[in-house]
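Would you mind keeping the following structure in view while I ask a few things?
The values are calculated or read from the model by the stated rules, or taken from the named source; none is laboratory data. These numbers come from a predicted model, not from an experiment. Heads up, the Cβs are rebuilt from the backbone with ideal geometry, glycines too, and the neighbour counts pull from every protein chain shown. For accessibility, only protein heavy atoms count, side chains too; no ligands or nucleic acids. Shrake-Rupley method; radii C 1.70, N 1.55, O 1.52, S 1.80 Å.
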Amino acid sequence: MGQLENKIAVVTGSGSGFGEGIAKLYAEEGARVIVADINLEAANRVAADIGSAARAFKVDVSNRNDINHVVNHCKDEFGRVDIVVNNAGITHKNQPMLDVDEAMFERIFNINVKSIYYMAHAVVPLMRDQGGGVIVNIGSTAGIRPRPGLTWYNASKGAINLLSKSMAVELAPDKIRVNVICPVMGVTGMFELAMGLPDTPENRARFISSIPSGRFCQPSDIAAAALFLASDAAEFITGVELPVDGGRTI
Ligand SMILES: NC(=O)c1ccc[n+]([C@@H]2O[C@H](COP(=O)([O-])OP(=O)(O)OC[C@H]3O[C@@H](n4cnc5c(N)ncnc54)[C@H](O)[C@@H]3O)[C@@H](O)[C@H]2O)c1
């Protein structure tokens, strides 16, 4: 018996990286998973890997209609959404803060932060009606111990870390748990942009030296944390800002 048997889970940005790891582990643990990504080809690939427990959707999380569409689909087909993982996110290139233009600033905040506002509007009423639910947000160590060159990205992640705790206190009476996972750097789609340097062994070593455990974060690290937080074993855990970071934020 899996830890998420018969649960309905929506994982945004699950066409690659951490989200892909989360979607696959959730399915292994018995959940039906909506693989929601702006890149439909990537979402289709992940859903095909998973098999019949997954369905791919093209969703731009900065578009309210897209979010409503995917949640309405779950409502119509399953009558519920048990778990939402707000994972989709982007960064600007690691560079001096004044070099990031306004359009990029707005993209970052629309995709990383406003998407959670849209998702909350779509799922919280449903979760209230069904008697509870779980929301897992993917923040970052960037919102706890910021690195230079990523100021506006760091700010968006700080917002996610904080809004998660605020949602948790407000929604606890409705049995809706909200937690935030804070990964340290991982070798995913956004790796080179976040480093702001070419992906060479020397540049990797510079960043690894800032992580006490001596390695980057892997999708399996984040998936394991996201599984625990979504499972009934974490029934009494809400509002936790959980670094999965090999000690980076100490
Ligand atoms: N990789 C890291 O170093 C790191 C560290 C801390 C936190 N994070 C966070 O982890 C999350 C996942 O990122 P990742 O590292 O797996 O990177 P990634 O680039 O591999 O994955 C991000 C996924 O989100 C999708 N996406 C982008 N914009 C979208 C949109 N508007 N709507 C829907 N989907 C969209 C992409 O297509 C991609 O599949 C992000 O929120 C990121 O900020 C990453």
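At a Cα cut-off below 30 Å, give the lysines reachable from LYS175, other chains included and same-chain residues fewer than 8 away excluded.
Within the straight-line cut-off, LYS175 pairs with LYS7, LYS24, LYS58, LYS75, LYS114, LYS157, LYS165.
Further, regarding this structure: Please work out the Cα center distance from segment 80-116 to segment 209-243, rounded to the nearest Å.
Segment 80-116 and segment 209-243 have Cα centres separated by 21 Å.
Excluding ligands and nucleic acids, what accessible area in Å² is computed for ASP60 using a 1.4 Å probe, to the nearest 10?
40
Once you mark the GluC sites (Glu not before Pro) that are in a DSSP loop and have at most 13 other Cβ atoms within 10 Å, what is the longest gap between them in the chain?
By the stated rule (loop sites, at most 13 other Cβ atoms within 10 Å), 6-234.
Order SER14, SER52 by their accessible area, 1.4 angstrom probe, all chains in place, largest first.
Per-residue accessible area, sorted high to low, gives SER52, SER14.
Also: Give me the extension gain from LEU162 to MET104: residue separation times 0.36 nm, minus the current Cα-Cα distance, reported in nm with one decimal.
18.7 nm
Hey, which aspartates and glutamates would be in cross-link range of LYS93, C-alpha to C-alpha under 15 Å, not counting anything within fewer than 8 residues on its own chain?
Candidates past the 8-residue exclusion: ASP101, GLU102, GLU106, GLU192, ASP199.
Another question, then. Normalising by the residue count of segment 119-233, find the relative contact order in percent from Cα pairs under 8 Å and 6+ residues apart.
RCO, segment 119-233: 28 percent.
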